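Student: Just passing along the structure, written as structure tokens.
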Protein chains: 2
Amino acid sequence: MVVTDDMQLPQQASPFDLKAYLRERQAQVEAALDRAVPLTYPETLYESMRYSLFAGGKRLRPILCLATCELAGGTIAMAMPTACALEMIHTMSLIHDDLPAMDNDDYRRGKLTNHKVFGEDIAILSGDALLTYAFEHIGLQTRDVPADRVLKVIVRLANAVGAAGLVGGQVVDLESEGKANLSLETLNFIHTHKTGALLEVSVVSGAILAGASEADVQRLSHYAQNIGLAFQIIDDILDITATQEELGKTAGKDLQAQKLTYPSLWGIDESRRQARQLIESAKAELAPFGEQAKPLLAIADFITARSH
Amino acid sequence: MVVTDDMQLPQQASPFDLKAYLRERQAQVEAALDRAVPLTYPETLYESMRYSLFAGGKRLRPILCLATCELAGGTIAMAMPTACALEMIHTMSLIHDDLPAMDNDDYRRGKLTNHKVFGEDIAILSGDALLTYAFEHIGLQTRDVPADRVLKVIVRLANAVGAAGLVGGQVVDLESEGKANLSLETLNFIHTHKTGALLEVSVVSGAILAGASEADVQRLSHYAQNIGLAFQIIDDILDITATQEELGKTAGKDLQAQKLTYPSLWGIDESRRQARQLIESAKAELAPFGEQAKPLLAIADFITARSH
């Protein structure tokens with residue numbers, strides 16, 4: 001989609017019901033995931049995959065992908081296989097992250113973690129299966145998109161997940177534990193890779209599938225980078241201020257583990273200010289898209305709202 | 001490539017030096033892998049990936065892929081990124097397979113396993129990174145092949161690795177441990193998935209990249225299925241007959257673990273006979289390709305020769 005100045009509309013032009021929007025998209029994504037990963041032989045494996053896939057995620061990554069595809073002139077249908085793949089990969093990262101050899105978490109979103117239910121061996125393998133299936137699903141199920149675009153999405157996604165992205169961020173995070181005097185640079189590296197890269201590719205892949213221009217992909221990429229970092233800062237704040245019940249996971253874990261976090265570096269007030277500023281920058285990138293950007297604008301605001 | 005009857009040549013037409021062929025291809029694959037996975041930040045992760053990638057594998061899967069691509073009229077260069085990806089995935093499956101929660105192996109090919117050197121957390125993550133990078137590498141580095149063929153290769157590969165392939169085979173294998181009275185059907189399921197699927201896609205992907213006809217892909221797929229099963233039967237035989245030094249891993253492990261194997265079901269002599277028969281069927285599939293099939297014919301023979 002080519003965006004020109006005269007397409008700009010004031011952001012207050014009409015009310016946008018984010019709650020209803022998220023509810024509708026969430027239901028669509030869950031129905032698609034349910035079809036994508038049926039319960040088949042060997043059942044233990046698929047049960048384990050489905051247990052974590054349907055453990056109550058907000059489906060933020062798929063929804064970002066669908067919203068961006070629509071914003072850039074594509075359809076929900078074009079982006080749905082990629083949207084599902086993003087959730088498969090996010091789920092895989094949580095399953096492996098929770099393992100005893102990693103974060104050793106017993107609970108996630110208020111439910112037992114995958115390895116506590118299915119054992120470590122199955123948890124490792126169902127993570128591997130979800131990761132692999134993500135690429136198969138995009139390649140096999142994407143319709144009405146030229147093959148070169150689909151291939152580009154697979155490359156960007158794999159890059160965001162592997163050693164140059166999520167997994168690389170995990171490794172630096174593990175290596176940083178218990179170390180005093182970590183730099184802001186290292187903290188930023190961890191978060192732009194561990195959580196930021198997958199959020200960014202969620203947005204970027206939607207744009208690529210729709211055939212967005214390189215300039216628009218860049219803008220949307222910046223939007224995603226900013227909300228990704230804001231999201232992490234707010235996560236760190238919540239770890240300190242929220243109760244276990246609100247989080248659905250062990251609260252105060254970062255403090256216990258003496259992890260470097262944004263609030264430990266900046267204090268809570270300054271962290272909130274930085275998060276707000278990132279959200280404003282994110283929203284500024286959307287200005288040229290006018291009315292079409294409403295869902296992405298509302299999602300950006302929604303992320304900040306979590307911190308209160 | 002269209003194969004017609006008059007292209008058939010007797011298999012004895014000219015001598016074929018398999019040893020030199022394998023040595024040359026192995027060197028090409030290792031040089032390509034070395035370029036594909038450079039040592040960069042975070043170094044621990046890349047060191048761990050490279051440790052297992054360069055732990056002395058025979059590069060059978062990449063070589064099968066390259067050989068099939070050439071057989072079907074393509075070039076080595078067209079198939080090299082996929083060949084490297086196959087080795088990355090094979091390596092990932094070994095790293096995860098050796099973990100304490102899985103087979104709990106301390107040695108592989110005579111060297112300490114990945115988690116014994118780098119720790120379980122890094123071993124899990126470097127497996128994840130290799131798996132992901134395989135798909136990125138194919139999508140990004142494959143040249144002179146139409147995007148739809150590359151996409152097809154990615155889909156076939158992911159299918160061979162995930163829940164419907166290698167990982168599914170692993171799960172059934174884990175669930176079968178210590179169970180008496182396993183059926184031949186279950187044993188076949190385990191091996192056609194755990195080891196067979198990746199060997200099959202090694203061959204099939206080379207053919208697809210070269211633009212082989214569906215009929216030729218089918219023939220080559222049968223070739224690979226047969227040598228894959230023969231390979232496993234011979235592995236089972238070797239586990240009983242070879243010494244630890246020859247294997248580079250703990251010998252007699254299957255017996256100790258009371259695993260169902262082909263020799264335990266058929267005895268060693270009958271197992272050898274079955275393996276030979278599979279190799280003959282595999283070679284029969286190559287008849288229409290004539291002279292071009294020499295490397296694949298020799299590789300089939302090479303597999304049987306391991307059992308003596």
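Student: One decimal, nm, shortest first: give the distances between the label point of A:Ile76 and those of the same position in the other copies, each label point 7 Å from Cα along Cα→Cβ.
Tutor: Result for A:Ile76, in nm, nearest copy first: 5.2.
Student: Stretched out fully, how many nm does the piece from A:Tyr41 to A:Tyr21 gain, at 0.36 nm a residue minus the Cα gap?
Tutor: Difference between extended and current length: 3.6 nm.
Student: Now a separate question. Which length gain, in nm to one decimal place, applies between A:Trp266 and A:Ala305 when the Cα-Cα distance is subtracted from 0.36 nm times their residue separation?
Tutor: Difference between extended and current length: 12.1 nm.
Student: Given that compact globular proteins tend to follow 2.2 N^0.38 Å, what is the ratio of the alpha-carbon Rg of the protein assembly as shown to that value?
Tutor: Compactness ratio reported: 1.01.
Student: Assume the label is 7 Å from Cα along Cα to beta carbon: what separations in nm does B:Phe302 have to the matching positions in the other copies?
Tutor: Reported distances to equivalent positions: 5.5 nm.
Student: Ok, one more. What are the nm distances, shortest first, from A:Asp269 to its equivalents in the other copies, labels at 7 Å along Cα→Cβ?
Tutor: Nearest to farthest, the other copies are at 8.9 nm.
Student: Determine the alpha carbon to alpha carbon distance for each of A:Lys152/B:Lys194; B:Lys58/B:Lys116; B:Lys19/B:Lys152 and list only those over 28 Å.
Tutor: Checking Cα-Cα distances, A:Lys152/B:Lys194; B:Lys19/B:Lys152 exceed 28 Å.
Student: Show me A:282-293, A:223-234 ranked by packing, highest mean number of other Cβ atoms within 10 Å first.
Tutor: So the peptides A:282-293, A:223-234, ranked by packing, come out A:223-234, A:282-293.
Student: Sticking with this structure for a sec: Using a 10 Å cut-off on Cβ atoms, rank the peptides B:78-86, A:297-305 from the highest mean neighbour count down.
Tutor: B:78-86, A:297-305
Student: From other protein chains only, count the Cβ atoms within 10 Å of every residue's Cβ in B:140-153, then give the mean.
Tutor: 3
Student: Rounded to the nearest Å, what's the spacing between the alpha carbon centres of the stretch A:104-127 and the stretch A:133-183? Just the number, please.
Tutor: Distance between centres, Cα-based: 21 Å.
Student: Tell me what chain B gives for mean residue ellipticity at 222 nm when only DSSP H runs of n ≥ 4 count, each as -39,500 (n - 2.57), the sum divided by the residue total, rounded to 500 deg cm²/dmol.
Tutor: For chain B, the value works out to -21500 deg cm²/dmol.
Student: Let me ask something else about it. Roughly speaking, what % of Cα-Cα pairs in the stretch B:22-133 are separated by over 20 Å, rounded to a whole number?
Tutor: I get 40 percent for the Cα pairs in the stretch B:22-133 exceeding 20 Å.
Student: What three numbers, in Å, describe the spread of the alpha carbons of chain B along their principal axes, ordered from the longest?
Tutor: Here the spans come out as 54, 51, 33 Å, largest first.
Computed from the coordinates by the stated procedures, all read-outs in this text should not be read as laboratory data. Quick caveat, the model's predicted, so the values are computed rather than measured. Ideal geometry is used to build each Cβ from the backbone, glycine not excepted, and the neighbour counts take in all protein chains shown.
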